[in-house]
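Coordinate-derived values only; no laboratory data. All of these numbers come straight from a predicted model, not from anything done at the bench. Cβ coordinates were reconstructed from backbone atoms using ideal geometry, including for glycine residues, and neighbour counts include every protein chain displayed.
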Amino acid sequence: MSAGGNSLEVDVEGSKQELGPLLGAVGAHVASCSILSDGTLAIGLDNGTRITVPPAPQFEAWEIRTPTERLVCQPGGVVSTW
């Protein structure tokens, strides 16, 4: 995650106190969203915050649902669509 030129790695599996920096995203709207060729999810928010989720080797790293689709980053970075 990066905001204001600062970059921070957040482990969502770790301590709840480590998630504090994510509060800056509350109330922000998605301005851009892209999936890179290696399966990395890149989200840009309208407040300048950027969230990047790389693929994971052993579990699904992220999931996006729309009214008509479901996209999941499978282990290793392959993105599946249903």
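What list do you get for 73, 33 if you sort them by fewest beta carbons within 10 Å?
Working: 73 24, 33 12.
Least crowded to most crowded, the residues run 33, 73.
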For the range 1-81, listing GluC sites (Glu not before Pro) in a DSSP loop whose Cβ sees at most 16 other Cβ atoms within 10 Å gives 9, 13, 60, 69
